[in-house]
Amino acid sequence: MAKSIKYPKFVIRKPCSDNRDINNNIKVRNLISVKISNNNNKKVLCVMMNPSKANSEQSDITVNKILNLLNSVKYNVGIIEIVNLYPVYKTKSGELFNTLQQLRKHGIEVYDKKIKENDQLIKSKIESTDVIIFAWGKSPKHMPRKTYKAQGEKILGYVLKNKNKHLYIFKTNRWTNLLTNLGNPRHPSRNTLVGISACEVDSSTSSICIIKK
């Protein structure tokens, strides 16, 4: 059994996570919220692909990468909230699409309900958060690119309906291009995070654009 990963010591209280079981094989999480040790209540929303392991009791490598980066004084952040395009727990992204298909087998109503709940939570968080980081990465193995692209565009559509947001993507030590070949924001997994870079959403194409300084 793999050893659980602890949250960094600068996390000052038990993170709030709404994870729950659908059945013995499928677990979901719509949101995890983490308060770090300062007097700042500035909130950042990070939108990734899907949950890996993090919940109220344990963290995971990707979540800790984000926390360690944003704990820097220069970002002046007090609360980090993480949502995902898909709410289903799966550490290996190549298995995500198959797990989503398993959820559909429980009934299209169940699947649609879980996806809709997740979408509505993201929409609500976008409306109430000024700083948003896009970080869902490239389409995972086996998932149709059009399906993944449409889910990302849905989220970007929520952003377009809410003006005056501060939008960012992660900068990594591994890639010169801040977006993938298909225009997706880089995911923290398998990368060392070195900062964030401002971006915007093009309303004519529903795509992310880098703001060049």
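The values are calculated or read from the model by the stated rules, or taken from the named source; none is laboratory data. Remember, it's a predicted structure, so these values are computed and weren't measured experimentally. Every residue, glycine among them, receives a Cβ derived from its backbone with ideal geometry; neighbour counts consider all protein chains shown.
Do we have any residue at all in the stretch 20-37 that's modelled with pLDDT of 95 or more, buried (at least 18 other Cβ atoms within 10 Å of the Cβ), farther than 21 Å from His187 by Cα and among the basic types (Lys, Arg)?
yes
Those residues that are out of contact with any Pro (no Cβ under 8 Å at 6 or more places or on another chain), hydrophobic (A, V, I, L, M, F, W, C) and crowded, with 18+ Cβ neighbours inside 10 Å, I need them from the stretch 171-198; list them, please.
Leu193, Ile196 - these are the residues of the stretch 171-198 that are out of contact with any Pro (no Cβ under 8 Å at 6 or more places or on another chain), hydrophobic (A, V, I, L, M, F, W, C) and crowded, with 18+ Cβ neighbours inside 10 Å.
Could you grab the pairs with beta carbons closer than 8 Å, sequence gap of 6+ or different chains, first residue in the stretch 27-43 and farther than 30 Å from Thr99 by Cα, second one among the polar types (S, T, N, Q)?
Ile36/Asn71; Asn40/Asn76; Lys42/Asn76; Lys43/Thr129
Residues are listed down the side, and each one gets a yes or a no for (1) hydroxyl-bearing (Ser, Thr, Tyr); (2) farther than 15 Å from Lys35 by Cβ; (3) free of Cβ contacts under 8 Å to residues at least 60 places away in the same chain:
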{"residue": "Leu45", "(1), (2), (3)": "no, no, no"}
{"residue": "Val73", "(1), (2), (3)": "no, yes, yes"}
{"residue": "Gly78", "(1), (2), (3)": "no, no, yes"}
{"residue": "Thr99", "(1), (2), (3)": "yes, yes, no"}
{"residue": "Leu103", "(1), (2), (3)": "no, yes, no"}
{"residue": "Gly107", "(1), (2), (3)": "no, yes, yes"}
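Can you list residue pairs whose Cβ atoms sit under 6 Å apart, with the first residue in the stretch 60-71 being within 12 Å of Tyr7 (Cβ to Cβ) and in contact (Cβ under 8 Å) with a residue 12 or more places away in the chain and the second being surrounded by fewer than 17 Cβ atoms within 10 Å (Cβ to Cβ) and of a type in the set (A, V, I, L, M)? Count only pairs 6 or more apart in sequence or on different chains.
Close Cβ pairs satisfying both conditions: Asp60/Ile5.
With the structure loaded, tell me whether Tyr168 is crowded, with 16+ Cβ neighbours inside 10 Å, aromatic (Phe, Trp, Tyr) and assigned to a strand (DSSP E or B) or whether it fails that test.
So Tyr168 passes the test.
Which one of the conditions (1) surrounded by 15 or more Cβ atoms within 10 Å (Cβ to Cβ); (2) among the small types (Gly, Ala, Ser); (3) assigned to a helix (DSSP H, G or I) does Gly157 fail to meet, given that it meets all the rest?
The failed condition is (1).
Val83 passes all but one of (1) in a helix (DSSP H, G or I); (2) surrounded by 15 or more Cβ atoms within 10 Å (Cβ to Cβ); which number fails?
Against the list (1) in a helix (DSSP H, G or I); (2) surrounded by 15 or more Cβ atoms within 10 Å (Cβ to Cβ), Val83 comes up short only on (1).
Restricting the stretch 86-96 to residues that are touching a Lys or Arg at 6+ places or on another chain (Cβ under 8 Å) and not polar (S, T, N, Q), which is surrounded by the fewest Cβ atoms within 10 Å (Cβ to Cβ)?
That would be Gly94.
Got at least one residue in the stretch 110-117 being surrounded by fewer than 17 Cβ atoms within 10 Å (Cβ to Cβ), without any contact (Cβ under 8 Å) to a residue 40 or more places away in the chain and under 19 Å from Ile5 (Cα atoms)?
No, that holds for no residue.
So in the stretch 51-76, with the set limited to residues that are buried (at least 22 other Cβ atoms within 10 Å of the Cβ) and part of a loop (DSSP other than H, G, I, E, B), which one is farthest from the chain's Cα centre (by Cα)?
Here the residue is Ala54.
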